[in-house]
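The values are calculated or read from the model by the stated rules, or taken from the named source; none is laboratory data. Just so you know, these numbers come straight off a predicted model, no measurement behind them. Using ideal geometry, Cβ is built from the backbone for each residue, glycine included, and neighbour counts are taken over all protein chains shown. Surface accessibility is based on the protein's heavy atoms, side chains included, excluding ligands, DNA and RNA. Shrake-Rupley method; radii C 1.70, N 1.55, O 1.52, S 1.80 Å.
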Amino acid sequence: MSTATRTDGLPWWATALVLPVFNIALALLISALVILAIGEDPVGALTSMLAGAFGSGTGLGYTLYYATSLIFTGLSVAVAYHAGLFNIGSEGQAYVGGLGVGLVCLALGGWPWWLVLPLTILAGGAFGAAWAAVPGYLQAYRGSHIVITTIMFNFIAAALMAYLMVNVLKAPGQMSPESRGFDDSVTLPMIHDMLGAIGIETANAPLNLSLPLALAACALVWLFIWHTRWGFALRTVGANEHAARYAGMNARRITVVAMALSGALAGLMAINELQGVQHRLLLNFPAGLGFTGIAVALMGRAHPAGIIPAAILFGGLLQGGAELAFDYQSISPELVVVIQGVVILFAGALEHMFRPALARLFTRSAKPVGA
Amino acid sequence: MDGLIWILSLLDSMVRLAAPLFLAALAGFYSERAGVIALDLEGKMLAGAFAAAATAAVTGSAWLGLGAAVIAAMAMSLLHGFASITHRGDQVVSAVAINTIALGLTAVLANAWFGLGGRTPNLEAGARFGEITLPLAETLRPLPLLGPLYAEVISGHNILVYIAAVLAPLSAWIAYRSRFGLRLRAVGENPAAVDTAGISVPALRYQAVLISGFLCGIAGAYLSTAQGAGFQQNMTAGKGYLALAALILGKWRPLPTLAACLLFAFADALQTRLQGVAVPGIGEVPVQLIEALPYVLTVLLLAGFVGRAVPPKAVGTPYVKDR
């Protein structure tokens, strides 16, 4: 886990732009090979994917709707990352955060959405934070490995939520484990309806008011991480825990706070999914978007300015992958999962393979031989 | 007598469910003991399960399927090794990448090759590992208690179960009595010492992850060609992580890990039998509680609330040779 602590002479834009673009190009190349291997036309397939994601108003709306959730889970992974923690538990934290969002929405039927929204932010954030703070506490004070604990907490969350959905929250007289629908008044307005009200016609898509909320979260995370004492302490602990201790920072408490914040951001993703689109609490609604947040954070180099385009990219892949499966029967939408995995591999695990090569290229062009 | 049959069938399921878990946990044992994080068990198992089912469906041979599974899982291991040993990348990130790639690639290939929406065709009996009746199972059956125990629980499994059973003591012997085992454990605790002794740290770690892939391949083949009759999308469903939990519960030692796997498998077998049944004196036990039990146990153990599990010291840290 090392981000900006390198001294290999790479300018910031090479790290922020060239490496990610190179990574995604490589990932697309590999998926093109996979498409070739199953006997389809890679150019046609990737074009159809792009068209599905960005080519129509509806497609774009879906892309941005997925991107909204991915911004939250990407930020969640990124905040923990800056504190030197790898939070694989965003999926479970989003799931439990959804419980908070869902309970508030169910309890406050009839209230206007703008009064409910601050409460769902609080509840979703608090539930997600609590679910993440426990692994954080266990790491800081009991020495358990955060990665293992957060994975275990994903499974425990799944079991807990399944229990609650089946035995407590299931609407009476219903077969599938879903809560009753939220009251219409508490659900977030769709962007499509809001723009329609002021006379701008847009395509119908599940994009809702959560998108501006996600962008606000980006701004707040940016302010917090880079422009507050707390954020400074958090990054110091991530860069060098011993140095942080030596400087008088309470590294343990900062670890717990970082995890809580990370979990809160994951929990907010449920506002988009439940209060924004599904309008009821249902089984396994995060549907892997918590895991995709890992790829988004790595691709976006754990910075909000990188996470937004990375989230739009992966949102586009999710939407485009679904469209692709319509056009090409033999290509399943799981191709997106492969691309996601390859991005994690290149942008994360094999970072050390490309970076020195790029750095060599730069130093060579900066200082010509013999000069 | 009914009670005895119920218990025997419960133990029989326990053995069936424990075998793939133990094979994967053992794969984790070799990898983690050498200092390489084994969070990639899930993906390697899934790749193995798909390769086995696809090959067995095409060739009609379970053994060729097993071979393909081992090759596929070992290829995944090499990728993990390449990222985390050669390039000293973050091992957790590398493992997450491998799990994600395996999840996507198996679904894409299954759909493209067989067109069944992410499954492989149902395997005929010949393309699967069938049950083996051990010698004298029927002859000994009349013996009280031991006879039915032998006939029902110990006999009547497929060959992979017996392979797993043999591997338990064998791995314990390798780890604690052989030269390779000593080096393996040393490289996971103190790689610098191994290096000083003139033994290559990367070579040893590559050997360890390859063994890990080999065992994961068997575990995957078990799921799709012995326990099941074909591959289904994401058919491991977290078993790789459960195996890792068993390894931790077994404190990174083969025989206690086997015990942990049997415990988890017992809970699993019990859980399917307790669904909707009211236990006298307790009432209906929520299945989700039993499902969550292994994970809760692992968390408590790692946190030192129940015993203490100390991982190999060098696990997760790439070895940098000093100049």
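In region B:52-63, the residues that are without any contact (Cβ under 8 Å) to a residue 24 or more places away in the chain form Cβ pairs under 7 Å with partners that are assigned to a helix (DSSP H, G or I), at six or more places apart or across chains, as follows: B:Thr55/B:Leu64; B:Thr55/B:Gly65; B:Thr55/B:Ala68. Any chance region A:242-261 includes a residue that's over 25 Å from A:Phe127 (Cβ atoms) and β-branched (Val, Ile, Thr)? Looking through region A:242-261, none of the residues is over 25 Å from A:Phe127 (Cβ atoms) and β-branched (Val, Ile, Thr).
In the set B:Gly240, B:Gly217, B:Gly230, only one residue is at pLDDT 90 or above and in a loop (DSSP other than H, G, I, E, B); that residue is B:Gly230. Evaluating A:Leu318 against the criteria (1) within 14 Å of chain B (Cβ to nearest Cβ); (2) open to solvent by 60 Å² or more (accessible area, probe 1.4 Å); (3) in contact (Cβ under 8 Å) with a residue 12 or more places away in the chain leaves one unmet condition, (2).
Screening A:Thr47, A:Thr15 for residues that are more than 24 Å from A:Phe326 (Cα to Cα), among the β-branched types (Val, Ile, Thr) and either open to solvent by 50 Å² or more (accessible area, probe 1.4 Å) or at pLDDT below 90 (or both) leaves exactly one candidate, A:Thr15. Candidates in region B:301-323 are the residues that are closer than 14 Å to A:Ser144 by Cα, modelled with pLDDT of 75 or more and surrounded by fewer than 17 Cβ atoms within 10 Å (Cβ to Cβ); of these, the one that is nearest to the other protein chains (Cβ to nearest Cβ) is B:Gly304. Scanning region B:277-300 for residues that are open to solvent by less than 60 Å² (accessible area, probe 1.4 Å) and more than 7 Å from chain A (Cβ to nearest Cβ) yields B:Val279, B:Gly283, B:Val285, B:Val287, B:Ile290, B:Pro294, B:Leu297.
Being within 27 Å of B:Ala68 (Cα to Cα), open to solvent by 10 Å² or more (accessible area, probe 1.4 Å) and small (Gly, Ala, Ser) is a description that applies to B:Gly228.
How many residues are more than 7 Å from chain A (Cβ to nearest Cβ), open to solvent by 10 Å² or more (accessible area, probe 1.4 Å) and not polar (S, T, N, Q) if we restrict to region B:71-106? Number satisfying all stated conditions: 9. Across region B:11-26, not a single residue is classified as in contact (Cβ under 8 Å) with a residue 12 or more places away in the chain, among the basic types (Lys, Arg) and within 14 Å of chain A (Cβ to nearest Cβ). Of B:Thr139, B:Thr120, B:Thr133, B:Thr106, all but one fail to be modelled with pLDDT of 90 or more, farther than 30 Å from A:Pro356 by Cβ and not aliphatic (A, V, I, L, M); the exception is B:Thr106.
Which of the residues that make up region A:283-314 are in contact with a Gly (Cβ under 9 Å, 6 or more places away or on another chain), farther than 24 Å from A:Phe224 by Cα and surrounded by fewer than 20 Cβ atoms within 10 Å (Cβ to Cβ)? Answer for region A:283-314, where residues must be in contact with a Gly (Cβ under 9 Å, 6 or more places away or on another chain), farther than 24 Å from A:Phe224 by Cα and surrounded by fewer than 20 Cβ atoms within 10 Å (Cβ to Cβ): there is none. If you go through region A:36-88 and pick out every residue that is outside any helix (DSSP H, G or I), of a type outside the set (A, V, I, L, M) and under 30 Å from A:Ser144 (Cα atoms), you end up with 3.
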